[in-house]
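K.L.:
Before anything else, here's the structure in question.
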Amino acid sequence: PKEIFLKDYKAPSFAFETLNLKFQLGEEHTVVTSSIHVIPKTTGGKSPLVLDGENLKLVSVKINGQKLGDDKITVSARHLTLASMPSTPFDLEIVTEIEPQNNTSLEGLYKSSGNFCTQCEAEGFRKITYYQDRPDVMSKFTTRIEADQKLYPVLLSNGNLVDQGKLTDGKHYAVWEDPFRKPCYLFALVAGQLLSRDDTFTTCSGRQVLLRIWTPAEDVPKTEYAMESLKAAMKWDEEVFGLEYDLDLFNIVAVPDFNMGAMENKSLNIFNSKLVLASPQTATDADFAAIEGVIGHEYFHNWTGNRVTCRDWFQLSLKEGLTVFRDQEFSSDMGSRGVKRIADVCRLRISQFSQDAGPMAHPVRPHSYIKMDNFYTVTVYEKGAEVVRMYQTLLGKAGFRKGMDLYFKRHDGQAVTCEEFLAAMFDANQTKFPTFPLWYSQAGTPVLTATTSYNAEAQTFTIKCRQEVPQTPGQPEKEPMLLPLAVGLLDSKGHDMSLSSVKEGASLHNFSNPDGSSVTTAVLRVDKAEQEFTFLDVKEKPVASLLRNFSAPVRLVSDISDKDLFFLLAHDSDQFNRWEAGQTLGRKLMLNLVTLQQKGEKLRVDDAFIEGLRSILIDSSLDKEFVAKALTLPGESEVADLMPIADPDAIHEVRRFIIKQIASNLRQELLKAVKTNPSAELYDPTHKHRAPRSLKNSALAYLVSLDEPALTDLALHQYKTASNLTDKVAALAALSQNPGETRSDVLANFYDQYKGDNLVTNKWLALQAMSDIPGNVEQVRKLLEHPAFDIRNPNKVYSLIGAFCSSAVNFHAKDGSGYALVADVVLQLDKLNPQVAARMVSPFSRWRRFDEGRQAAAKAQLERITSTNGLSDNVYEIASKSLV
Ligand code: DPP
Ligand code: ZN
């Protein structure tokens, strides 16, 4: 396999001005005719034109209408090379044949439930026709689709419908024209039996846009929330960023077989149906929230990604980090900002920090890849979003907006790099942070160590900072980089102190808000290996709230006492840090108990921890969704990451133990939370209704952990009487914690009730797959044969195998059976769908974090994978890099 490097980037030597595509869709094969107006960029000599292409049957090549001689054509497995091209503009016509019905990779043109659809990002267009499949080749697309009218009544592509009509033999055609130049990864085509929910949106300049969400007829009623979310997103982007939609039509199509969540193709978004279809009886609160977020995300790409796109795939975070940041902000404005931040940071810490600490660690802008598909990662997406958030933290909201405006003003219609974004941000604010760009090139999570001291006599409070960016593969040495550290100081009553000035080195910074109000959170710019910041005029010894709102994606190590953490848990005005104080206490407790557990000593949870949680639980002034988050202990993998040798069994035992202690000590309060927060008969996914539901269901899970008949009955009652799927699944999940007859009965009952609905049965698969009950490996092996599973459908693979890997005790089973199970699936799946197979290899990558026995077992499976003949580049890259 060939590795591709950022440093080798060269601009293309041929521009493609216009592209006319003709698809003759058929059951045996599909004929694709591509007519390109080519403009050579180099003047001297007749250079060859090298086009990308995979699994294509070449029929013919014409230059300016003349058939090109075979001696000028070289076809290899990955390329079509055309020799002696004219040095003046010319027309190139290429005819190829493909077999979408046999395309199980779900890249390029393929069939899903009988309908034709496409997925071209990152490099799927090359499976449709020979082309310069790279994002800096932008062209004006016109697409003609011909197909059987009965089988495929709906024909869609990007842009505007400019012509349609009947052909002979029961066929019909449609012609779509996209007025905006675009790279081929944004191309889309859909043909099939679909119906749409239609609505309209009037833009800020008064244009009416037709919005259509296409699904199979029976699913149309389930698209209401997606449509509401789309309209909300369109309005939000106008209000917050001044960005208006630019065509008169916006289509979304839902398909059941899709590798990713969704795809932002120009004016024809294609979605995994799980992120479009929802009804109170078939989707949970979490599903509704995900739909809102992803509908927003793909819509926002219209400006951040489509109007301004990436020069090359190394720049992926330019559009993804930025668009994730935008969807996070959108969801925050629609729901609860604090809770959304907590959820996003959880995800970052659990998945991205762990990636950053392992063999697959890579910068937000990677330096190299074998398969680009492997770099649609939490680092590029979530850490990338944190980098964008840091611009906003450093420049302020207004400054950030100025930067965005300048970015669009300069680069609309262009394919650019992360430097251009950075330059727009800094230029618009007439500033420069020299060490900030390192966020794009240095991998690894910085460790920020803070020690604090108060000088009563001088009335000063000093924070000593030390930063260290750990080594990562290929990057043994790192430079200090700019970490925005947001700090608040609490007085003895728990109120925010007003901050007047801070001295750093020799310079003094005074704080005052433009509106004259006092500043209670200061953003310190930590950009040296060691640095001191001294707050002046601090009248009493404060409790410092450090890294408010998680102002930088770092691991914070501080000398804060437990007493101060309890104080912050009770008082911090920063909701994120209030939650974080509890998490820090939880992590400490779990690590301490793990040591005891490993020594075989008795476990005990101190009263202060329980009391801290009790006061949160009974505080009626708090957002109930926040309370639910505060009650949730840090995850097992988060704790594993903090141990020198991860011990999944001990961590699991300890976490279960603490959960039961909390449940038995807070029994009355938890019961009250369950009883006083019933769902309304009429389901409503908005925060107001979701919040009490989430608290009730967290409380229920705690209570059921005690495995007492009366509490089990409480959950059974909720299971039987639930009027929405959120409550039903929550009860099912609570009950399935405890092995036994009740568990088997409700699981069987649930399957019986929902077996016709794939999206719901996937939850049933996932719930069993991620279960921590002993011996679950065998159970999951059996589920592979269950009619509810189908290895060809990515959602099912994610639900069964993806979820299984999240259960540390079973995936990391001591006898290696969990590793063997996943490797078996990877090898089988790799022949069908390499992209998804590679994703299932990732959980192996942290194998060195475990004891020798587990290391040997995991390594053996990785070696078994890499030594398999005919392995895809996708799987090879992840498996071989994991072994290094
Ligand atoms: N569809 C993926 C996303 O929107 C890749 N662009 O993030
Ligand atoms: Zn995206």
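K.L.:
If the viscosity is 1.567 mPa s and the temperature 4 °C, what translational diffusion coefficient in µm²/s does Stokes-Einstein give for the range 309-441 when Rh comes from Kirkwood over Cα pairs? Don't jump to the answer; show the numbers that get you there.
P.N.:
Values: Rh = 15.3 Å.
My calculation gives 84 µm²/s for D.
K.L.:
Short version: what are the Cα gyration tensor semi-axes of the range 755-884, square root of 5 times each eigenvalue, largest first, in whole Å? It would help to have the intermediate numbers written out before the result.
P.N.:
Values: eigenvalues 108, 67, 22 Å².
Working from the Cα gyration tensor, I get semi-axes of 23, 18, 10 Å.
K.L.:
Using only the Cα atoms of the range 451-545, build the gyration tensor, take square roots of its eigenvalues as a ≥ b ≥ c, and label the shape rounded, prolate or oblate: rounded if a/c is under 1.5, else prolate if a/b is larger than b/c, else oblate.
P.N.:
Cα axes put the range 451-545 in the prolate bin.
K.L.:
Enumerate the amide H contacts of Ala486 below 5 Å, restricted to partners 5 or more residues apart or on another chain; note that Pro and chain-start residues carry no placed amide H.
P.N.:
Leu524, Leu547, Arg548, Ser551
K.L.:
Run the helix sum for the chain: -39,500 (n - 2.57) per DSSP H stretch of 4+ residues, divided by residue count, reported at 222 nm to the nearest 500 deg cm²/dmol.
P.N.:
Values: 27 runs with 330 residues, N = 884.
Helix-only estimate at 222 nm: -11500 deg cm²/dmol.
K.L.:
Order of His297, His29 from fewest to most other C-beta atoms within 10 Å? Don't jump to the answer; show the numbers that get you there.
P.N.:
Numbers: His297 26, His29 16.
In increasing order of surrounding Cβ atoms, one gets His29, His297.
K.L.:
What is the spread of the Cα atoms of the range 652-806 along each of their three principal axes, largest first, in whole Å?
P.N.:
Principal-axis extents of the Cα atoms in the range 652-806, largest first: 46, 38, 25 Å.
K.L.:
Follow-up question, since we're still on this one. Take the alpha-carbon positions of the range 119-244, form their convex hull, and give its projected area averaged over all directions (one quarter of the hull surface) in nm².
P.N.:
On the way: hull surface 38.4 nm².
Convex hull of Cα atoms, orientation-averaged projection: 9.6 nm².
K.L.:
Give me the mean projected area, in nm² to one decimal, of the convex hull enclosing the Cα positions of the range 252-368. Walk me through the numbers before you get to the answer.
P.N.:
Numbers: hull surface 33.8 nm².
Taking a quarter of the hull surface, the average projection is 8.5 nm².
K.L.:
Here is a further query. Excluding same-chain residues fewer than 8 positions from Lys696, which aspartates and glutamates have a Cα within less than 12 Å of its Cα?
P.N.:
Glu625, Glu669, Asp727
K.L.:
Related question: Reachable aspartates and glutamates from Lys539, Cα under 17 Å, same-chain residues fewer than 8 places away excluded?
P.N.:
Glu457, Asp491, Asp496
K.L.:
Oh, and also: Any chance you could get the radius of gyration and Dmax over the Cα atoms of the chain, in Å?
P.N.:
Answer for the chain, Rg first and Dmax second: 28.1, 94 Å.
K.L.:
If only Cα atoms are counted, what is the Rg of the range 127-179, and what is its Dmax, in Å?
P.N.:
13.3, 40
K.L.:
Convert each backbone phi in the range 7-18 into a coupling constant with the Karplus relation 6.51 cos²θ - 1.76 cosθ + 1.60 (shift: θ = phi - 60°), then list the ³J(HN,Hα) values in order as whole Hz, x for Gly and Pro.
P.N.:
With coefficients 6.51, -1.76 and 1.60, one gets 5, 8, 4, 10, 5, x, 9, 10, 9, 10, 6, 10 Hz.
K.L.:
Another one. For Ser139, which sequence-distant residues (separation of 5 or more, or a different chain) have an amide H within less than 5 Å of its own amide H, given hydrogens modelled in the peptide plane?
P.N.:
The answer is Lys182.
K.L.:
Using Cβ counts within 10 Å as a stand-in for footprinting exposure, how do Cys418, Cys204 rank, fewest first? Each step should come with its number before you reach the end.
P.N.:
On the way: Cys418 24, Cys204 14.
The order, fewest Cβ neighbours first, is Cys204, Cys418.
K.L.:
When only alpha-carbon atoms are used, what values of Rg and Dmax, in angstrom, describe the range 1-138?
P.N.:
15.3, 51
K.L.:
Same structure, new question: Taking neighbour Cβ counts within 10 Å as the exposure measure, how do Glu540, Glu785, Glu123 sort from fewest upward? Write out the running numbers ahead of the final one.
P.N.:
On the way: Glu540 13, Glu785 7, Glu123 20.
Lowest count first: Glu785, Glu540, Glu123.
K.L.:
Give me a comma-separated list of calculated 3J(HN,Hα) values for the range 807-818, in order, Karplus coefficients 6.51, -1.76, 1.60 applied at θ = phi - 60°, integers in Hz, x for any Gly or Pro.
P.N.:
8, 4, 5, 8, 4, 8, 3, 3, 7, x, 5, x
K.L.:
Starting from 0.36 nm per residue, how many nanometres of slack lie between Asp148 and Arg587 once their C-alpha separation is accounted for? List each step's numbers first, then the result.
P.N.:
Values: separation 439, 0.36 × 439 = 158.04 nm, distance 6.06 nm.
Answer, rounded to one decimal: 152.0 nm.
K.L.:
Using θ = phi - 60° and the Karplus relation 6.51 cos²θ - 1.76 cosθ + 1.60, list the HN-Hα couplings for the range 578-585 in order, rounded to whole Hz, with x at every Gly or Pro.
P.N.:
After applying 6.51 cos²θ - 1.76 cosθ + 1.60, I find 5, 5, 4, 4, x, 5, 4, 4 Hz.
K.L.:
Can you pull the Kirkwood radius for the range 573-653, inverse mean 1/r over Cα pairs, to one decimal in Å?
P.N.:
Numbers: mean 1/r = 0.0730 Å⁻¹.
Hydrodynamic radius (Kirkwood, Cα only) of the range 573-653 equals 13.7 Å.
K.L.:
Sort out for me the Cα centre separation of the range 455-508 from the range 35-113, rounded to whole Å.
P.N.:
57
K.L.:
Right, here's the next one. Could you tell me what % of all Cα pairs in the range 188-302 have separations over 17 Å? Display every interim value, and only then the final one.
P.N.:
Values: 3304 of 6555 pairs.
So the pairs more than 17 Å apart make up 50 percent of the total in the range 188-302.
No value in this document is a laboratory result; all are computed from the given coordinates. Being a predicted model, the structure only gives us computed values, none of them experimental. Here the Cβ is made from the backbone with ideal geometry for all residues, glycine too, and neighbour counts use every protein chain on show.
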